[in-house]
Amino acid sequence: MTDPSPTEGNSPTLMLPSAAAVEDGGALVCRESPEPDHAYRSPFARDCGRILHARAFRRLAGKTQVFTRSQTESDHSRSRLTHTLEVAQIARTIAETLGLNIRLAEALALVHDIGHPPFGHAGEKALDRALQAHGLRFDHNLHALRIVTGFEQRCPAFPGLNLTLAVREGIVKHSRDYRAQEHPELSAYLLDQFPPIEAQLIDLADEIAYLTADTEDGLEAGILDLDAVRDGVPLFARHYAQTAREFPAAPTRLLRNEALKAMLNAMVTDLIEEIRRQARELGIDSLEAVRRAPRRIALLSAGLDAEREVARRFLYANLYQSEMLEAEHRRASEIVQSLFDAWVSDPELLPDDHRLRVQSEGAPRAVADYIAGMTDSYIESAWQSWSQHQTGESR
Ligand code: MG
């Protein structure tokens, strides 16, 4: 194992031990159906390609991140696809700077939201609530695993995308720890160990991306007020003040964007430095040591983590749970719940391939899988057809 080359501006003594990175070999590149190596693409580069070319990935373009198109009348708000691409950019930067496996981090970022249902978190909550009435749960990470191991049918040779073990493990474990007793079906994914750093960093790359991007989209949509953001988010206020000093004649919109960029950069830099600090403190010198460490090591420093939490709470109170969005969330919940109930009570209404799965999965799971795969516009038209059908019936 060679030392990673020092990145410009970084002291080599502060680099993460390169042995802590996932290599392009060994058990972590195993696929459920064995395949010969590609002539010139690494296993994780192939996984990036497979995710990028998947239908479920393309459907992210039609899924809500925070705003639906009708809420903002803007072509510039993030969709779940553009959010995903931003997370991938951040994850690559962190992985590259730390000498980690860039392609693995990229694959995990590209796939991290692939299991999200339509209508953002409101859709996910509604689907989970609907399933709970049948003793089941909806979890977007576990749904993502079902997509890449089964639903996404692209090749005659195997079901799903046949991704490497490292990517499947990262899908399951990037944002939370599942208990082995509650999830025996996940036993292949080493639930008693932490995932590689490439997977651990995805959760914060995701949060850094959405905290800054959603603030921008919220301001752009007029739901967030610039003075309120400055009063409520010290991390933003600090960078805004500095930017305003630097560019006294700049228009507000550019100052705002520059401040958000600086805020993003500050969090990414802090995360990189804190991972190095944690690795030093815990004596991390191998992937095995990452896995057996007493805690996850992809963390922000205590100070910045507290500021991140303030920013997150601010967005919850003023954006995600704002009156304008809540009205839409209630409507989303009603649509998901009504269609779920209708299809569970009469699975004959489902399209053929989903109806066929009722026998093996049970109607609630088969219906939830069908709904979870929909884009916002697809579920809207399904809702309209169903409503018209209901109106016709009651005449
Ligand atoms: Mg995300």
Report task. Determine one quarter of the surface area of the Cα convex hull of the stretch 329-394, which equals its mean projected area, and express it in nm² to one decimal. Result -> 4.5 nm²
Requested in this report: Please give the direction-averaged projected area of the C-alpha convex hull for the stretch 5-325, in square nanometres with one decimal.
Outcome: 18.4 nm²
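Calculate for the chain the 222 nm mean residue ellipticity that helices alone would give, adding -39,500 (n - 2.57) per DSSP H run of length 4 or more and normalising by residue count, nearest 500 deg cm²/dmol. Could you put the intermediate results ahead of the total?
Numbers: 19 runs with 231 residues, N = 395.
It comes out at -18000 deg cm²/dmol, rounded to the nearest 500.
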Query - Value of Rg to Rh for the stretch 187-304 (Rh from inverse mean 1/r over Cα pairs, i.e. Kirkwood) - result: 1.11
Report task. Name the lysines eligible as straight-distance cross-link partners of Lys125: C-alpha to C-alpha under 27 Å, and not fewer than 8 places from it in the same chain. Result -> Lys63, Lys173
Report task. Please return the longest stretch of the chain lacking exposed loop sites, where GluC sites (Glu not before Pro) count only if DSSP places them in a loop and at most 16 other Cβ atoms lie within 10 Å. Result -> 183-395
Query raised in the report: Gln384 versus Asp231, label points 7 Å from Cα toward the beta carbon: distance in nm?
Result: 4.2 nm
Query - Listed residue (Tyr210, Ile90, Tyr40) projecting farthest to the positive dipole end of the stretch 5-325, Cβ model - result: Tyr40
Query raised in the report: What trypsin sites (Lys or Arg not before Pro) does the stretch 176-260 have in DSSP loop regions with at most 14 other beta carbons within 10 Å?
Result: Arg176, Arg179
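With +1 on the Cβ of every Lys and Arg and -1 on the Cβ of every Asp and Glu, and nothing else charged, how large is the dipole of the chain about its Cα centre, in debye rounded to the nearest 20? Intermediate results must be reported in sequence, preceding the final value.
Values: 44 positive and 59 negative charges, 48 e Å.
About 240 debye.
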**Report entry** Between the stretch 106-163 and the stretch 267-309, the alpha-carbon center distance in angstrom
**Finding:** 28 Å
Query raised in the report: Karplus couplings for the stretch 289-305 from phi (6.51 cos²θ - 1.76 cosθ + 1.60, θ = phi - 60°), rounded to Hz, Gly and Pro as x?
Result: 5, 4, 5, 9, 4, x, 7, 4, 10, 7, 9, 8, 5, 4, x, 6, 5
Query raised in the report: Once the Cβ-Cβ distance between Ala317 and Asp346 is put in as r, and R0 is 30 Å, what FRET efficiency do you end up with, to the nearest 0.05?
Result: 0.15
Query raised in the report: Which distance in nm do the two modelled labels at Ala180 and Ala250 give, with both placed 7 Å along the Cα-to-Cβ direction?
Result: 5.2 nm
Query raised in the report: Protein chains only, probe 1.4 Å: how do Ser345, Ser322, Ser175 rank by accessible area, largest first?
Result: Ser345, Ser175, Ser322
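With a cap of 14 neighbouring Cβ atoms within 10 Å, and only residues DSSP puts in a loop, list the trypsin sites (Lys or Arg not before Pro) found in the stretch 274-382.
In loop regions of the stretch 274-382 (DSSP not H, G, I, E or B), the sparsely surrounded trypsin sites (Lys or Arg not before Pro) are Arg295.
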Report summary line: Taking a crude spin-label model, label points 7 Å out from Cα along the C-beta direction, the Ser187 to Glu361 distance in nm is 2.4 nm
Query raised in the report: With a sphere of radius 10 Å drawn around the Cβ of Arg238, what net charge do the other residues whose Cβ falls strictly inside it have (Lys, Arg +1; Asp, Glu -1)?
Result: 0
**Report entry** Anisotropy class of the stretch 73-133 from Cα gyration tensor, a/c 1.5 cut
**Finding:** oblate
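The values are calculated or read from the model by the stated rules, or taken from the named source; none is laboratory data. Just so we're clear, the structure is a prediction, and the values are computed from it rather than from any experiment. Cβ atoms come from the backbone with ideal geometry, glycine included; neighbour counts cover every protein chain shown. For the accessible areas, the whole protein counts, side chains as well, though only heavy atoms, and no ligand, DNA or RNA atoms are used. Shrake-Rupley method; radii C 1.70, N 1.55, O 1.52, S 1.80 Å.
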